[in-house]
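To start, the structure itself, in structure tokens.
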Amino acid sequence: MMKGVSLFVENQLLALVAIMGIGLLLGRIRIFGFRLGVAAVLFVGLAFSTIEPGITVPPLIYVVGLALFVYTIGLEAGRDFFRSLRSTGLRNNGLALGAIIVTTATAWVVIKALDLVPATGAGMLTGALTNTPAMAAVVDALPSLIDDNATDTARILELPVVAYSLTYPLGVLVVILTIAVCGGLFKVNHQKEARDAGVAVQELTGRRVRVTRDDLPAISNIPELLELEVIVSRVERRGQHDQFIPEEGDRTRLGDILTVVGSDDELERAEGLLGEFVDGHPYSDIDLDYRRIFVSDESIVGVPLSKLRNRIPGMLITRIRRGDTDLIAHPDMTLQLGDLVRVVAPAERITEATHIFGDSYRRLADFNLVPLVVGLTFGVLVGMMEFPLPGGGALSLGNAGGPLLVALLLGAMGRTGKVVWQIPYSANLALRQLGITMFLAAIGTTAGAGFRSALSDPASLMIIGVGALLTLVISLLVLIIGHKVMRIPFGETAGILAGTQTHPAVLSYISEASRNELPAIGYTSVYPLAMVAKIIAAQVLLFLLI
């Protein structure tokens, strides 16, 4: 047994991959309908180093892993985040920020009242808020606050990780239980909420509609002016042998048959506004064809579809599949590497369309890493910038906040000239999973000795209890104020709470319970700002306590 343990002590790479592998396997085990997911890697790392404190992973591993994790999140969320600020984003982020501020203030009062060590108190808050980057920011800030003559520097640096580890499990479970209890008390009807909000999950289909009105706007303006979530993919004039793809400025004539793509509900509305349904398969074309094409050419990425149409005359993008979601193509949308687009074009031009969009899995796998490295470099530099605080301290975004902030901006931009900042969807998910797994494995091994002593210390129960109380405070604040006072649908409010906690397990739970997109809408609207806010809040709390 000791010989086997010594292998992990002597070989840090073996220790790293073993912790990652075991943690990921344990994280897939479901207990009472809940699973830890990738967070289990942290506890496996703690277990390894608790059994043998000599098992360590180089600090650079967790720095790289953390930066990679938050950077890929920012790239994906950037565009939707800034777009949401024009609508419900300000409301949602105001709720999330207010809850974080109140919870941080509550933590300060409780920590002072119980006379807890500042490093422990700050780590406890990050565990209660289930925010790993915030805990990393506390660890990064501690060395500058510790007396140079201190003899127990190593022990002090362990304290935030230990407190985080003690409070993290209930930081997840309390939120889920609170959502479940409040959902029952509020008698939430998730299906009705989704219908009322217009986000009920519906398949996109195509129908043929004969035009019976002579006062319709230009075909390209029909969706916007008639407030329809549809797209007209083709026009039949004088029979199926005379078909064309509508160009900018084209107008309908009485008797034209339009192929309209959208959800069933929107198609029913379209019939009432445009004319009447006509029997026949919408894609039984003679002159036109359609094909799903994989986007792998960087030259068309990040370009609004309204501008892209000039480069694909005679062709029309009707749908975009991103991840597992089908989207109606709108003029202001932009394509990302890895999107699957449905293109309508004359049959003889389908091959040309595949060349324009790329349609190459191999090319996508060999994506350009230079923009990723350059963006991360800018992010690390921004994270190093220090902002002075009263009393001589300094605040920085660190290796989590800096890359996240830069990634949000670059993700919103999409591209700069010929440089495409976004990376393929599948690659983004893979790098994100790798990053957080590396970070959790490495950070878990830094606190083994401290965690072992904490388990035998009655004071640990107090830390767990206070952490659970802080989690309950932020959960009730968001759910009650958001749903009952601000009248936000409960599913979206629960998603805001999941985003405020920045924990995918909470989002997974409420998404499974609601079976609609409301939780995801709330989650993505606040996640980036909540991440940065908690990184700052944890450091501010630490400075106020010392």
*Each residue of the range 301-308 in turn: what ³J(HN,Hα) in whole Hz from Karplus with 6.51, -1.76, 1.60 and θ = phi - 60°, glycine and Pro shown as x?*
7, x, 9, x, 4, 4, 7, 5
*Projected onto the charge dipole of the range 409-540 (+1 at Lys/Arg Cβ, -1 at Asp/Glu Cβ, origin at the Cα centre), which of 422, 473, 488 gives the Cα projection farthest towards the positive end?*
422
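Where the only charges are on Cβ atoms (+1 Lys, Arg; -1 Asp, Glu), what is the dipole of the range 48-140 about its Cα centre, to the nearest 20 debye? Let's see the in-between values first.
Working: 5 positive and 5 negative charges, 102 e Å.
Once rounded to the nearest 20, the dipole reads 480 debye.
Considering only the chain, what is the antiparallel percent among its DSSP beta bridges, to the nearest 5? Show your work: numbers first, answer last.
Working: 41 of 42 bridges.
Restricted to the chain, the bridges split so that about 100 percent are antiparallel.
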_Cut-off 12 Å between beta-carbons: net charge of the residues surrounding residue 524, Lys and Arg +1, Asp and Glu -1_ = -2
*At 7 Å along the Cα-to-beta-carbon direction for both residue 97 and residue 361, put a label point, then send me their distance in nm to one decimal.*
4.5 nm
*asked:* Need one number: nm distance between label points at residue 88 and residue 144, each 7 Å from Cα along Cα→Cβ, rounded to one decimal.
replied: 3.9 nm
*What FRET efficiency comes out for the pair residue 264/residue 378, r = Cβ-Cβ distance, R0 = 56 Å, nearest 0.05?*
0.75
_Rounded to the nearest 10 Å², the accessible area of residue 423 at probe 1.4 Å_ = 10 Å²
*Would you mind computing Rg(Cα) / (2.2 N^0.38 Å) for the range 241-357, counting N as its residues?*
1.10
_Isotropic mean projected area of the C-alpha convex hull, the range 34-171 (nm²)_ = 10.8 nm²
*Table column - 3J(HN,Hα) (Hz), the range 398-415, Karplus curve with 6.51, -1.76, 1.60, x for Gly and Pro*: x, 6, 9, x, x, x, 5, 4, 5, 5, 4, 5, 5, x, 5, 5, x, 8
*asked:* If packing is taken as the average count of other Cβ atoms within 10 Å, what order do 520-527, 267-274 fall into, highest mean first?
replied: 520-527, 267-274
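Calculated FRET efficiency, residue 251 and residue 385, Cβ-Cβ r, R0 45 Å, to nearest 0.05? Don't jump to the answer; show the numbers that get you there.
Working: r = 55 Å, r/R0 = 1.22.
About 0.25, to the nearest 0.05.
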*Of 525, 17, 206, whose Cα points farthest to the positive end of the dipole of the chain (charges on the beta-carbon: +1 Lys, Arg; -1 Asp, Glu; origin at the Cα centre)?*
17
*Would you compute, for the Cα atoms of the range 454-515, the largest minus smallest coordinate along each principal axis and list the three values in descending order, in whole Å?*
44, 25, 16
*Amide H contacts of residue 234 (H built 1.01 Å from N, under 5 Å, at least 5 apart or other chain)*: 259
*Among the lysines, select those whose C-alpha is under 26 Å from the C-alpha of residue 112, and discard any that sit fewer than 8 residues away in the same chain.*
534
_Top positive-direction residue, dipole computed over the chain with Cβ charges, set 320, 120, 351_ = 120
*Obtain the nm distance between the two label points defined at residue 481 and residue 237 by a simple spin-label model: each point lies 7 Å from its Cα along the Cα-to-C-beta direction.*
5.8 nm
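How high is the relative contact order of the chain, in percent, with contacts defined as C-alpha pairs under 8 Å that are six or more residues apart?
Working: 1002 pairs, mean separation 152.2, N = 546.
Once normalised by length, the contact order is 28 percent.
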_Give me the three principal axis extents of the chain from the C-alpha atoms, as integers in angstrom, largest value leading._
88, 50, 48
_Karplus (6.51, -1.76, 1.60) ³J(HN,Hα), θ = phi - 60°, over the range 159-167, in Hz, Gly and Pro reported as x_ = 4, x, 5, 5, 4, 4, 5, 6, 9
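Convex hull over the Cα atoms of the range 79-145, averaged projected area in nm²?
Details: hull surface 22.7 nm².
If you wrap the Cα atoms of the range 79-145 in a convex hull and average its projections, you get 5.7 nm².
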*asked:* Using a 1.4 Å probe on the protein heavy atoms only, what accessible surface does residue 265 show? Give it in Å² to the nearest 10.
replied: 90 Å²
*Divide by every residue of the chain the summed helix terms, -39500 (n - 2.57) for each DSSP H run of at least 4, and state the resulting mean residue ellipticity at 222 nm, rounded to the nearest 500 deg cm²/dmol.*
-18500 deg cm²/dmol
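Using the crude model of +1 on Lys and Arg Cβ and -1 on Asp and Glu Cβ, and no other charge, please compute the dipole size for the chain relative to its Cα centre, in debye to 20. Walk me through the numbers before you get to the answer.
Numbers: 43 positive and 49 negative charges, 100 e Å.
It works out to roughly 480 debye.
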*lysines whose Cα lies under 30 Å from that of residue 307, excluding same-chain neighbours fewer than 8 positions away*: 418
*In the chain, what percent of the accessible surface is made up of carbon and sulfur (1.4 Å probe, ligands and nucleic acids excluded)?*
61 percent
*List every residue whose amide H lies under 5 Å from the amide H of residue 415, counting only residues 5 or more places away in sequence or on a different chain, with H placed 1.01 Å from N in the peptide plane.*
421
*May I ask you to list the lysines whose Cα is less than 19 Å away from that of residue 192, ignoring any residue fewer than eight positions away on the same chain?*
484
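For the chain, report the accessible area per residue in Å² (1.4 Å probe, heavy atoms, rounded to an integer).
On the way: 24330 Å² over 546 residues.
Dividing the accessible area of the chain by its residue count gives 45 Å².
The values are calculated or read from the model by the stated rules, or taken from the named source; none is laboratory data. Owing to the predicted nature of the structure, the values given are computational and were not obtained by experimental measurement. Ideal geometry is used to build each Cβ from the backbone, glycine not excepted, and the neighbour counts take in all protein chains shown. Areas reflect the complete protein model, heavy atoms only, side chains present, ligands, DNA and RNA absent. Shrake-Rupley method; radii C 1.70, N 1.55, O 1.52, S 1.80 Å.
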